[in-house]
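Q: I'd like to ask some things about the structure below.
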Amino acid sequence: MDTRKGLAVLGSTGSVGVNTLDVVTSHPEKFAVVALAAHSNVDLLEEQTRRFRPRLAVLFDEDKAALLRHRLQGQDIEVDAGIEVLCRAATYDGVQMVMSAVVGSIGLLPTIRAVQAGIHVALANKETLVMAGELVMHPDQSTWGRVIPVDSEHNAIFQALHGHQRAALRRILLTASGGPFRDWSREAMHHVSIGQALQHPNWKMGRKITIDSATMMNKGLEVIEAHHLFHVPVEQVQVVVHPQSIIHSMVEFYDGSVLAQLGIPDMRIPISYALAYPVRLPNTLPSLDLFEVQTLHFYPPDPERFPCLRLAFEAARIGGTMPAVLNAANEIAVQAFLDSVIPFLGIPAVIEATMAQHTPVPLEDAPVALQADHWAREYAKAAVKEIALSKTIL
């Protein structure tokens, strides 16, 4: 009898997915890969499929799936494409845990389907909770799967809260590296290049999340995520800029005690904790050397230089469909920047313009969130064109 935990890795060719499979490789007696899914990287998904032998391999693009199907002829592996198949991968027979590491809104439906089926989700796709956290996190639904955060900050909070009464929580101290421009003036940020924005000082991540870190939108999305994950008002979440990324986050209780989780900045640590929870897996990573670190620094964030953080707090307070609109507009704006269509400061300008035109409604179900997402994308595309033509960002 196979006692290994069956995994579906959604986003297996991204940085989190690759690190997840590295953890699996280190602990072959603990995990079995049942399904793998990627957006379009056929070559890497083929390599992963041949190595880990899942029963299902999914590509979002049908043409890419056809190519992978041809390459894997004769292998006992089903290959398919599309969002519905992605949802099927999350609930495939034998899957006990989903690593949700796809980028963007496409992670919403697979995550909801998994938790509804009682399957636990290791969540690295923060957009899911930003768009529809109240639909995913149901503490009263005892039959639903558990959501365990993979982001290093939320994983740290999850660990710090373990065994403690949530009612005693005073606030969450959500740490942020500050990204590559934490010391730049707003004037200097008018001239940010794509290459500069992709040079994160501490973490190696995908292009989209790296740009989000540079604008601090990543931290704004994490504020909304923490609000839903830990069932706290957004006012109880405080962002703290901590350049060293050694303290991954902290929690303060009513008695004044502050608990922090520290570690080297390596995603394999929170990934392994999420996959094996509540068990801790050994690894061969270097230990944190406090004598080498010596000094830790903390600063308040500047919402004037990083307006994306302000916009995220605003969306969280408004609620309803506004966070979904924030997220969708951000995805369009980031891609426009990466395509050299708008400047770096055009990203918050697109988001703010889109939010200003949206009338939020209550989030009754996933289709409502997806409709808001679609509307925001179309409006944001128009805002991108207007900014690109004007070439003026205040």
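Q: Of all residues in segment 130-165, how many are of a type outside the set (G, A, S) and not in a loop (DSSP other than H, G, I, E, B)?
A: Selection size over segment 130-165: 15.
Q: Filter segment 308-324 down to the residues that are open to solvent by less than 20 Å² (accessible area, probe 1.4 Å), more than 15 Å from A380 (Cβ to Cβ) and part of a helix (DSSP H, G or I) and list them by number.
A: Result: L309, A312, A316.
Q: On to the next question. Report yes if some residue within segment 67-80 is of a type in the set (G, A, S) and in contact (Cβ under 8 Å) with a residue 12 or more places away in the chain; otherwise report no.
A: no
Q: Which one of the conditions (1) among the hydrophobic types (A, V, I, L, M, F, W, C); (2) open to solvent by 70 Å² or more (accessible area, probe 1.4 Å); (3) part of a loop (DSSP other than H, G, I, E, B) does F344 fail to meet, given that it meets all the rest?
A: The failed condition is (2).
Q: Considering E304, E252, which residue is open to solvent by 70 Å² or more (accessible area, probe 1.4 Å) and out of contact with any Ser or Thr (no Cβ under 9 Å at 6 or more places or on another chain)?
A: Result of the check over E304, E252: E304.
Q: Keeping to segment 216-243, report how many residues are over 19 Å from F306 (Cβ atoms) and in a loop (DSSP other than H, G, I, E, B).
A: 4
Q: Being over 17 Å from the mean Cα position of the chain (by Cα) and not hydroxyl-bearing (S, T, Y) is the filter; apply it to segment 136-154 and report the residue that is least open to solvent (accessible area, probe 1.4 Å).
A: Per the criteria, the residue is G145.
Q: Here is a follow-up. State yes or no: is E84 over 22 Å from S272 (Cβ atoms) and either of a type in the set (A, V, I, L, M, F, W, C) or touching a residue at least 12 places away in the same chain (Cβ under 8 Å) (or both)?
A: Here the answer is no, as E84 does not meet what is asked.
Q: Tell me, please, whether a residue that is more than 25 Å from the chain's Cα centre (by Cα), in a loop (DSSP other than H, G, I, E, B) and not aliphatic (A, V, I, L, M) can be found in segment 256-277.
A: Within segment 256-277, one or more residues are more than 25 Å from the chain's Cα centre (by Cα), in a loop (DSSP other than H, G, I, E, B) and not aliphatic (A, V, I, L, M).
Q: Would you confirm whether or not segment 325-341 contains a residue that is more than 19 Å from the chain's Cα centre (by Cα), in a helix (DSSP H, G or I) and farther than 23 Å from N125 by Cβ?
A: No.
Q: Please count how many residues of segment 354-388 are charged (D, E, K, R) and open to solvent by 80 Å² or more (accessible area, probe 1.4 Å).
A: Within segment 354-388, residues that are charged (D, E, K, R) and open to solvent by 80 Å² or more (accessible area, probe 1.4 Å) number 5.
Q: Say whether the condition of being of a type in the set (K, R), open to solvent by 80 Å² or more (accessible area, probe 1.4 Å) and free of Cβ contacts under 8 Å to residues at least 12 places away in the same chain is met by at least one residue in segment 277-284.
A: Yes: segment 277-284 contains one or more residues that are of a type in the set (K, R), open to solvent by 80 Å² or more (accessible area, probe 1.4 Å) and free of Cβ contacts under 8 Å to residues at least 12 places away in the same chain.
The values are calculated or read from the model by the stated rules, or taken from the named source; none is laboratory data. Worth saying up front: this structure is predicted, and the values here are computed from it rather than measured. Don't worry about glycine lacking a Cβ; one is built from the backbone with ideal geometry, like all the others, and counts go over all protein chains shown. These area figures cover heavy atoms from the full protein model, side chains too; ligands, DNA and RNA do not enter into them. Shrake-Rupley method; radii C 1.70, N 1.55, O 1.52, S 1.80 Å.
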